[in-house]
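Undergrad: Below are the structure tokens for one structure; questions will follow.
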Amino acid sequence: MNRYTSNRSRSPGGRRSETPLGWLGHDARGAGVLATARRHLQIQQAIGAILPPTLGVVCVVAKLEPPRLQLAVPSAAHAAKLRQLAPRIVQALNTQGWNLNEITVRVQAGMPRPGAKAPRPPKEAQPLGPTALGAFETLQESLRPGPLADAVAKLLAHHKG
């Protein structure tokens with residue numbers, strides 16, 4: 001019989017780690033780093049849900065030291081908008097259980113700027129049903145020729161095609 005154990009990763013106490021980062025929580029320093037990372041991820045998700053999508057994509061938690069939160073953005077325009085929204089963000093985060101009084105904003109030039117690659121919010125348009133299409137057909141019949149009649153005809157062609 002082979003007396004050697006396999007090369008699987010085990011924690012210092014002889015138990016296997018439950019997660020890939022499980023080994024980090026076995027000493028005080030590692031546990032502190034892990035707890036800080038988790039707090040940053042949690043508040044990052046909370047902020048992403050509060051902010052408009054275009055701003056939430058570029059806003060990053062730089063430092064969290066209650067009662068102050070520091071956020072980083074790639075441009076002065078983003079920073080200006082974030083400063084306008086700061087009181088509302090603080091209020092929303094406090095209702096979620098975060099103890100914050102102040103949000104500071106830092107512009108970091110090295111952050112990637114949003115561009116053509118930035119994800120767009122999903123389209124929430126729903127196709128027109130038969131009742132709506134019938135109403136637009138009735139409207140088209142009663143319109144005089146002009147820009148509005150052309151727009152209704154284009155809408156009908158798009159939704160029927």
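The values are calculated or read from the model by the stated rules, or taken from the named source; none is laboratory data. A quick note: this is a predicted structure, and the numbers were derived from the prediction, not measured. With ideal geometry, Cβ positions are generated from the backbone for all residues, glycine too; neighbour counts draw on all protein chains shown. Please note that ligands, DNA and RNA were not included when accessible areas were found on the heavy atoms of the full protein model with its side chains. Shrake-Rupley method; radii C 1.70, N 1.55, O 1.52, S 1.80 Å.
Undergrad: When DSSP beta bridges are limited to those with both residues in the range 38-161, what percentage is antiparallel, rounded to the nearest 5? Intermediate results must be reported in sequence, preceding the final value.
TA: Details: 5 of 11 bridges.
Within the range 38-161, antiparallel bridges account for around 45 percent of the total.
Undergrad: Still on this structure, I have one more. Just the number please: accessible area per residue for the range 33-161, 1.4 Å probe, all protein chains included, in Å².
TA: Values: 8980 Å² over 129 residues.
With the other protein chains kept in place, the range 33-161 gives 70 Å² per residue.
Undergrad: Please give the length that would be gained between Leu133 and Ala31 if that part of the chain were fully extended, namely 0.36 nm times their separation in residues minus their C-alpha to C-alpha distance (nm, one decimal).
TA: Gain on stretching Leu133 to Ala31: 30.7 nm.
Undergrad: While we're here: Between Ala125 and His40, how high is the FRET efficiency from 1/(1 + (r/R0)^6) when r is the Cβ-Cβ distance and R₀ = 35 Å? Nearest 0.05. The partial results should precede the final answer.
TA: Values: r = 36 Å, r/R0 = 1.01.
According to the calculation, E is roughly 0.50.
Undergrad: Obtain the nm distance between the two label points defined at Ala92 and Glu141 by a simple spin-label model: each point lies 7 Å from its Cα along the Cα-to-C-beta direction.
TA: Placing both labels 7 Å along Cα→Cβ, they lie 4.7 nm apart.
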